[in-house]
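Colleague: Sending over a structure as structure tokens; questions will come in a sec.
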Amino acid sequence: MQESSESKPDFRIGQRVHSSGDPCRIGTVRYVGPVQGYSGTWVGVDWDNGEGKHDGTINGVRYFQARSERSGSFVRSQNLSSGISLLQALQLRYRGDTTKEEEDEMYVLSASNKRVNVQLVGKDKIQDKLSRLEELTSASVSYLGVSSPGVPCDISTNVPNLKELDLTGNLISEWKDVSTICEQLADLFALNLSYNLMAHDMVGLPHLKRIRILVLNNIGINWTQVEILKQSLPEIEELHLMGNKISTIEPASSFAVQGFDYLRLLNLEDNCIADWNEILKLSQLRSLEQLHLSNNSLIRVFYPDDGMMHELLNGYDSCEESHKPFQNLRCLLLGGNNIEDLASIDSLNSFPQLVDIRLSENPVADPGQGGIPRFVLVARLAKVEMLNGSEVSSRERKESEIRYVRLVMSKMQGNSKELQWLHPRFAELKVFHGIEDEKPLVGAAGPQKMASGLLSITLKCVGASIGEKPSLTKKLPGATTVGKLKILCESFFKLKSIKLKLFLQEEGSPLPMLLDDEMATLTDLGIGNESTILVDEES
């Protein structure tokens, strides 16, 4: 905090500001007035990035309460900016000189958070640069300090054809300003307001009747506000609500969320939802095809039966006629949660249309945490076509299912009811693939496995010091242990004084699976015919 000449205070409590010369350093005004021991008027700011000097207290006197111990600071008003209008930002970005780095930032986030490049205005093409704004259909003014719409008619006059607008990281906080912008842009269908700290008071409810894609990531919105906003979004198809610390879904008038008749994609990633019952409140959204729930705190998933839905919906007089839960859901992203039970995995088969599933970074799907490998996931999920972002081919499905059946056969010593409970698809898959229980053949040397018990395994050297060696295909008994296979590899490839480690290369899996249990057999590990095992050296 440094002394400076007196300056007229022109900021108000709650106003969004940025540091002069750095529109990316944004904060909220929490105090305007004198500070003991310093002359003149100071503005107390709580910075979004947490990079301040204190918590609003100086020399034992509290002036405001910052969000964290060091997110607050006092600044002279001339070192702060209250922002510019939308049109000024458009002129600044599209009329002035731009660097390659700035041009790389000019994009709009699509529904799936992918970059959609915006149209750039070339200075060398036109004399009247401002009139060129009329041709813009997509524009990004992210982190340019936009705080107001400016004169409304200026927007419709200068950018009448704008369809996509990225306002990420600006100073807009009032919904009435959003309403003004949308009213002036008749063709606007995609709007990104991420990282604008929007007011909780929904005064001046925006008219967003034509908006089909709305991105509200990290704006501090809760579901009660979403319900209010819903009334202004009759055509919304994609709604992004990442990073808003949402923990509960609070429908306006019934157990289940109603309305959102055209909503196809709902993104609730990076929130705080821990109870699957909260997600069930979204089960009556009839058009919902994609539900993004990665990086929450969910511990289980289940599909409600008719009795459960009747019980959940019972007693709500205003509730519409119920429909099959999640009747059109095709994509469910659950990565980075705390799911650890197989029942949650098996329940995904009950979703009528579900074919695209993400389970990575959950204990149940992480072999390193005692979870199950990809081939077991594929076998247990009957309809999955895309798993953890990787396509499940028909070949991978067949091999995974056969491998899974053989794995269960090698480990299960229980009655049929227990088997069905622990492995719901086992009996079905065993019949489907025509797999019979192995029967011993008795010969002169005593009991031995049938020839069909031999597995054709391709061994491929990948270790740097091993050198280039051609791959070998060997027929090995399913009872071969990992330890025994290492010894065989030393012989097959004539390796000496090299400590080996083996990996199973699985189709569709981005990383090979380490075979680290030396006592486990190929059958124990579910390794099937025509599998590929990588032979590497320990580092």
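What follows draws every value from the coordinates through simple rules; no lab data is involved. A quick note: this is a predicted structure, and the numbers were derived from the prediction, not measured. Backbone-built Cβ (ideal geometry, glycine too); neighbour counts: all protein chains shown.
Colleague: Can you compute 3J(HN,Hα) from phi for each residue in region 216-230, using the Karplus curve 6.51 cos²θ - 1.76 cosθ + 1.60 with θ = phi - 60°, rounded to whole Hz and x for Gly and Pro?
Modeller: Running phi through 6.51 cos²θ - 1.76 cosθ + 1.60 with θ = phi - 60° gives 10, 6, 6, 10, x, 8, 10, 5, 4, 5, 4, 4, 5, 5, 3 Hz.
Colleague: With labels modelled as points extended 7 Å from the Cα through the Cβ direction, what inter-label distance (nm, one decimal) is found for Val431 paired with Tyr38?
Modeller: So the label points at Val431 and Tyr38 sit 7.9 nm apart.
Colleague: Follow-up. Per residue of region 497-502, in order, report the coupling 6.51 cos²θ - 1.76 cosθ + 1.60 (Karplus, θ = phi - 60°) as ³J(HN,Hα) in whole Hz, putting x for Gly and Pro.
Modeller: 6, 10, 7, 9, 9, 10
Colleague: Taking the simple approach of a point 7 Å from Cα along Cα-to-Cβ for both Ser456 and Cys24, what is their distance in nm?
Modeller: Placing both labels 7 Å along Cα→Cβ, they lie 5.6 nm apart.
Colleague: Using the structure shown, list the pairs from Lys398/Lys496; Lys398/Lys474; Lys163/Lys324 with a Cα-Cα distance above 31 Å, or answer none.
Modeller: Going by Cα-Cα distance, Lys398/Lys496; Lys163/Lys324 fall outside the 31 Å limit.
Colleague: May I ask you to compute the full-extension gain from Ala343 to Lys411, defined as 0.36 nm times their residue separation minus their alpha-carbon distance, rounded to one decimal in nm?
Modeller: 22.6 nm
Colleague: Given R₀ = 45 Å, FRET efficiency for Arg300-Lys494 by Cβ-Cβ distance, to 0.05?
Modeller: The calculated FRET efficiency here is 0.30.
Colleague: Return the long-range amide H neighbours of Thr41 (sequence gap of 5 or more, or a different chain), with a cut-off of under 5 Å between placed amide H atoms.
Modeller: Ser7
Colleague: Can you tell me the FRET efficiency between Gln231 and Leu92 if r is taken as the Cβ-Cβ distance and R0 is 51 Å, rounded to the nearest 0.05?
Modeller: Here the calculated transfer efficiency is 0.90.
Colleague: From the C-alpha gyration tensor of region 15-81, pull out the three semi-axes of the equivalent ellipsoid (sqrt of 5λ each), sorted largest to smallest, in whole Å.
Modeller: 18, 14, 8
Colleague: Over all directions, average the projected area of the Cα convex hull of region 469-511 and note it in nm².
Modeller: Computed as one quarter of the Cα hull surface, the answer is 4.0 nm².
Colleague: Which whole-Hz ³J(HN,Hα) couplings does region 156-170 yield from phi under the Karplus relation 6.51 cos²θ - 1.76 cosθ + 1.60, θ = phi - 60°, glycine and proline marked x?
Modeller: With coefficients 6.51, -1.76 and 1.60, one gets 5, 6, 8, 10, x, 9, 5, 10, 10, 9, 9, 10, 3, x, 10 Hz.
Colleague: Can you work out the FRET efficiency for the pair Leu472 and Met519, with r the C-beta to C-beta distance and R0 = 22 Å, to the nearest 0.05?
Modeller: Result of the calculation: an efficiency of 0.40.
Colleague: Treating the Cα atoms of region 454-537 as identical point scatterers in vacuum, please give the log10 of the normalised Debye intensity I(q)/I(0) at q = 0.19, 0.23 Å⁻¹, two decimals.
Modeller: Log10 of I(q)/I(0), two decimals: -0.79, -1.19.
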